[in-house]
Amino acid sequence: MKTHGGRSWYNWRLMGFLLVLVVALGAQAEPPSFKLPGRKPDSREPWDAFLGKAAHFTIGMQYLVQYPTNTVFLDTIDLSTIMKNGKLGDPKRLSKFVRLLRPDITDTNALVLFEVKPDNEEGREEGREQAGRYLAALNEAVNPDKKLKGGTGFEGALFLEFENGGALWQLSWRTPEPGVTLYRWSYRREKPHASWKERAAQKEEALPREEAEQRGEMAEQAIRAAYEKGEWPSGFQGQVYLPVDCH
């Protein structure tokens with residue numbers, strides 16, 4: 001009995017040690033971007049999530065700006081609601097497995113749909129697959145004269161200037177194939193006493209990770225404020241140049 005008890009005590013100690021080790025390793029593995037200066041203390045979102053959300057928001061809002069009289073649904077609206085409110089047919093015709101799917105942009109006047117993804121091969125393939133799935137689901141259920149297709153010809157860019165003459169970020173997007181809109185962020189180095197247009201003509205570089213980590217959340221908030229005419233984020237000393245300013 002003593003041997004069994006000693007073995008049990010040893011096993012419990014070993015389990016406790018392993019648990020502490022796992023917790024410690026998890027804490028060390030936590031991405032440092034969660035604790036960057038200026039982030040909300042309880043923020044758990046990785047830096048690249050803010051850039052993705054900012055891109056989706058911008059591209060959706062810009063589509064609304066370009067087609068103000070069309071009935072357009074963005075990625076918060078599911079297929080069932082799109083069918084009903086877009087007057088495409090009876091949403092009950094949709095399979096229950098696809099009713100809650102949410103395309104990024106659906107225009108029920110132009111009868112087109114777009115999926116928004118990062119501008120790389122993986123994003124392009126994923127966008128193609130998702131756009132195809134949404135179109136197939138809708139076109140099985142819509143009225144015969146309401147068939148949708150992948151949208152084309154949608155492109156644009158905006159610039160985000162930090163610190164009134166500091167680094168210049170660019171968000172640009174293009175639609176290289178029907179229904180697939182790809183976005184990318186780029187960067188222009190600081191150039192004292194130069195206008196943002198002069199710096200926009202500089203060599204385009206990949207957005208540095210440290211820049212994205214430090215300013216990703218602020219960038220998203222500033223873009224939202226520019227489109228919604230809301231309050232600028234605390235600490236932002238720059239300007240957002242919307243696509244209308246970039247022509």
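The values are calculated or read from the model by the stated rules, or taken from the named source; none is laboratory data. Note that the structure is a prediction, hence the values are computed from the model and not measured. When we count neighbours, we look across all protein chains shown, and the Cβ atoms used for this are built from the backbone with ideal geometry, even at glycine. Please note that ligands, DNA and RNA were not included when accessible areas were found on the heavy atoms of the full protein model with its side chains. Shrake-Rupley method; radii C 1.70, N 1.55, O 1.52, S 1.80 Å.
Among the residues of the stretch 94-124, those that are in contact (Cβ under 8 Å) with a residue 60 or more places away in the chain, not in a loop (DSSP other than H, G, I, E, B) and not basic (Lys, Arg) comprise Ile105, Val112, Leu113, Phe114, Glu115, Val116, Pro118.
Does Thr3 fit the bill of being open to solvent by 50 Å² or more (accessible area, probe 1.4 Å), among the polar types (S, T, N, Q) and modelled with pLDDT of 50 or more?
Details: open to solvent by 50 Å² or more (accessible area, probe 1.4 Å): yes; among the polar types (S, T, N, Q): yes; modelled with pLDDT of 50 or more: no.
It is false that Thr3 is open to solvent by 50 Å² or more (accessible area, probe 1.4 Å), among the polar types (S, T, N, Q) and modelled with pLDDT of 50 or more.
For the stretch 232-243, residues that are free of Cβ contacts under 8 Å to residues at least 40 places away in the same chain and either open to solvent by 50 Å² or more (accessible area, probe 1.4 Å) or touching a Lys or Arg at 6+ places or on another chain (Cβ under 7 Å) (or both) total 2.
Among the residues of the stretch 67-93, which ones are in contact (Cβ under 8 Å) with a residue 12 or more places away in the chain and polar (S, T, N, Q)?
Within the stretch 67-93, the subset in contact (Cβ under 8 Å) with a residue 12 or more places away in the chain is 67, 69-80, 82-83, 85-91, 93.
Passing the criteria: Thr69, Asn70, Thr71, Thr76, Ser80, Asn85.
So is Leu74 under 27 Å from Arg128 (Cβ atoms), modelled with pLDDT under 95, open to solvent by less than 70 Å² (accessible area, probe 1.4 Å) and touching a Gly at 6+ places or on another chain (Cβ under 7 Å) or not?
Details: under 27 Å from Arg128 (Cβ atoms): yes; modelled with pLDDT under 95: no; open to solvent by less than 70 Å² (accessible area, probe 1.4 Å): yes; touching a Gly at 6+ places or on another chain (Cβ under 7 Å): yes.
Answer is no for this residue.
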